[in-house]
1. Looking at (1) at pLDDT 95 or above; (2) touching a helix residue (DSSP H, G or I) at 6+ places or on another chain (Cβ under 8 Å), find the lone condition where residue 83 falls short.
2. What number of residues within region 136-148 satisfy the criterion of being surrounded by fewer than 13 Cβ atoms within 10 Å (Cβ to Cβ) and without any contact (Cβ under 8 Å) to a residue 12 or more places away in the chain?
3. If you check 108, 181, which single one turns out to be of a type in the set (Lys, Arg) and within 25 Å of residue 83 (Cβ to Cβ)?
4. Checking the condition in contact with a His (Cβ under 6 Å, 6 or more places away or on another chain), among the hydrophobic types (A, V, I, L, M, F, W, C) and surrounded by 10 or more Cβ atoms within 10 Å (Cβ to Cβ), which residue from 90, 75 passes?
5. What do you reckon, is residue 196 buried (at least 17 other Cβ atoms within 10 Å of the Cβ) and over 19 Å from residue 109 (Cβ atoms)?
6. Could you check, for region 57-72, whether at least one of its residues is modelled with pLDDT under 95 and assigned to a helix (DSSP H, G or I)?
7. For residue 201, work out the one condition from (1) buried (at least 21 other Cβ atoms within 10 Å of the Cβ); (2) free of Cβ contacts under 8 Å to residues at least 24 places away in the same chain it doesn't fulfil.
8. Please state which of the following conditions residue 65 fails to meet, knowing it meets all the rest: (1) surrounded by 14 or more Cβ atoms within 10 Å (Cβ to Cβ); (2) within 30 Å of residue 172 (Cβ to Cβ); (3) of a type outside the set (D, E, K, R); (4) in contact with an Asp or Glu (Cβ under 7 Å, 6 or more places away or on another chain).
Amino acid sequence: MQNSTGSRQKQILALLLATKAGLSIDSIAEKLQISRNAVKQHMVVLEKDLLIKAGKFNLTKGRPSRSYVLTEQGINQFTKQYSWFCNLLIAQLKEDMGSEGLTAFMQRLGGKIADSLAAQFTGQNASEKAQTLTMILQNLGYQAEVELQGDMVTISAINCVFHDLAQEHGELCEFDRSLIRSLLDNPVEQTECMAKQGCACRFASKV
């Protein structure tokens, strides 16, 4: 769970994770043995941070009480092992397909994603395509920027979204090359790679 969340708030999130139907403020106060007001203060913070949301009203003999449940963002505060699982899958694919087969698979995958994005590039010249591609990469988390020099365009990304995986399985870089090549509709040369100790991933193409 992220360290930015206080220890008492982590306890509240853990209680809600274990009770999918949700818990009321009174129930949480009872389970944590703290005051109702203290729970309310923590709940205000958690709701503001979009980690919890109000659920249904519970109608009892006493006063009605509202239950609170975790949001997807709240659930994602708990540890996930995506990288480990992805590495497991890729290692098995590589064993089954071989290095060349995995490279070809990543090339096809990059091309498939490019096909789904192609409509955004309709009617654009090479320079405009590079700008649009950069925005797409940024939306994917690549922290990308574009530079035009003469008849060459260079797209640089200072954050590889699968850096740890690419260090072990260099074939994954073919996904980026295929995606960029397909969307620019031009040959692309990768001039630098963070998985190979580069400062950034850079891709060069003629305008």
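1. (1)
2. So the answer is 1.
3. Of 108, 181, the one residue that is of a type in the set (Lys, Arg) and within 25 Å of residue 83 (Cβ to Cβ) is 108.
4. 90
5. no
6. Within region 57-72, one or more residues are modelled with pLDDT under 95 and assigned to a helix (DSSP H, G or I).
7. Only one criterion in (1) buried (at least 21 other Cβ atoms within 10 Å of the Cβ); (2) free of Cβ contacts under 8 Å to residues at least 24 places away in the same chain is unmet by residue 201, namely (2).
8. Only one criterion is unmet by residue 65, namely (2).
The values are calculated or read from the model by the stated rules, or taken from the named source; none is laboratory data. Owing to the predicted nature of the structure, the values given are computational and were not obtained by experimental measurement. Positions of Cβ are generated from backbone atoms using ideal geometry, with glycine treated the same way; all protein chains shown enter the neighbour counts.
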